[in-house]
1. Does Gly240 satisfy the condition of being closer than 23 Å to Thr200 by Cα and of a type in the set (Gly, Ala, Ser)?
2. May I ask you to verify whether Arg208 is basic (Lys, Arg) and closer than 21 Å to Leu5 by Cβ?
3. Within the range 23-49, track down each residue that is under 20 Å from the mean Cα position of the chain (by Cα), over 21 Å from Arg63 (Cα atoms) and not in a helix (DSSP H, G or I).
4. Condition first: among the hydroxyl-bearing types (Ser, Thr, Tyr) and farther than 26 Å from Leu62 by Cα. Can you find one or more residues in the range 109-117 that meet it?
5. List every residue pair whose Cβ atoms sit under 9 Å apart, with the two residues 6 or more apart in sequence or on different chains, where the first one lies in the range 123-152 and is under 24 Å from Glu100 (Cα atoms) and β-branched (Val, Ile, Thr) and the second, anywhere, is part of a loop (DSSP other than H, G, I, E, B) and modelled with pLDDT of 90 or more.
6. Cβ contacts < 6 Å: first residue farther than 20 Å from Gly255 by Cα, restricted to the range 29-56; second residue buried (at least 22 other Cβ atoms within 10 Å of the Cβ) and of a type in the set (Val, Ile, Thr), any location; separation 6+ or different chain. Result?
7. So, of the residues in the range 254-278 that are farther than 20 Å from Arg208 by Cα and in contact with a helix residue (DSSP H, G or I) (Cβ under 8 Å, 6 or more places away or on another chain), which turns out to be surrounded by the fewest Cβ atoms within 10 Å (Cβ to Cβ)?
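The values are calculated or read from the model by the stated rules, or taken from the named source; none is laboratory data. In this text the structure is predicted, and so the values were computed from the model without any measurement. Glycine also receives a Cβ, built like all others from the backbone with ideal geometry; neighbour counts cover every protein chain displayed.
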Amino acid sequence: MGSVLGSSSGVVSIGEARHIWTRGLVENWRCGCGEYFERCPFWTAVLAESSLRRHQIDLDRLRRSERELLRLRASVWTQQWVRNPKRLRPDHGYYLDAVEALYGAIARISGSRAIVDSSKNPTYGALLSTMRSLDLRVLHLVRDPRAAAYSWLNPKPSLDRAEGATMDRLGTAKSALLWLWWNRLAEELWPKDGPVPVLTIRYESLARELESILTGIRNRLLPELVGRPLAVNGDIACLGITHSVSGNPDRMRAGPVMVKPDERWRAGFAPHRQATVLAIAGLEMLKYGYRWGRR
């Protein structure tokens, strides 16, 4: 999703930018362009523009604040802080100032009207909503929790680290719990009648009606870009090179890519694991239109 939107006119995709301090500055993962982070000309320019180069910042302080604000058990406290900024600690203010400076530099260096950040953590989005220089819009992408759990469970090569590395994996129960918590949290943070524009899309609908759904996303969340071309032709996504930090390995791809639903979980996901997902997220998935049967 991020790569398709980021390949469209007036948009830049930056991947899961919340990981930039660790996976970019510390661990030097590959950027979506193929270069290692410290050698990527885009991120080199962004960090210089924002005065966030490694020698200019207290990286340990930033990473510590990030962990404190974004870890799962801190999400309730962070929501309270968003509603009452007086609860903010000085270290956390330092982190938020750095994040806001980062996005400002990304906008200036890329020259884009919109920045697509694919960070999955709703709490991170809540932090962004407090920054006056940012105009936040939320795309809430939902997938069948059984398909999500199956994807998390299976090893996938990680193209942005050392050869032979694989992406992080999650057990079935933990994946289902995260699905439940993140979706509930997203709905609480961004109600349909709230001040932040939000659009909920099912992955399955996107994969089956790519051009139509992307057009709807642009019209609803990015009306300033109506009339500009989208990087899609029917069910073919025309992917450009992105400067994305962390995320799905597909962010490293470029060129025409056919998009179709990934339904491998229906045959490959063990019944007892499906039962675990249904026991945890079965009721919540119904409101998104998912059913308990395999078909």
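1. Criteria not met by Gly240.
2. Details: basic (Lys, Arg): yes; closer than 21 Å to Leu5 by Cβ: yes.
The answer is yes for Arg208.
3. Gly32, Cys33, Gly34 - these are the residues of the range 23-49 that are under 20 Å from the mean Cα position of the chain (by Cα), over 21 Å from Arg63 (Cα atoms) and not in a helix (DSSP H, G or I).
4. Pass one, the range 109-117, residues among the hydroxyl-bearing types (Ser, Thr, Tyr): 110, 112.
Imposing the further condition that a residue be farther than 26 Å from Leu62 by Cα reduces the set to 112.
Yes: one or more hits.
5. Cβ pairs passing all conditions: Val138/Val196; Val138/Pro197.
6. Correct list of pairs: Val46/Ile106.
7. Filtering the range 254-278 for residues that are farther than 20 Å from Arg208 by Cα and in contact with a helix residue (DSSP H, G or I) (Cβ under 8 Å, 6 or more places away or on another chain), the one surrounded by the fewest Cβ atoms within 10 Å (Cβ to Cβ) comes out as Gly268.
Matching residues to (1) within 18 Å of Arg113 (Cβ to Cβ); (2) in contact with a Cys (Cβ under 6 Å, 6 or more places away or on another chain); (3) buried (at least 18 other Cβ atoms within 10 Å of the Cβ); (4) free of Cβ contacts under 8 Å to residues at least 24 places away in the same chain:
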position	(1), (2), (3), (4)
Lys174	no, no, no, yes
Leu210	no, no, yes, no
Glu224	yes, no, no, no
Asn233	no, no, no, yes
Ala237	no, no, yes, no
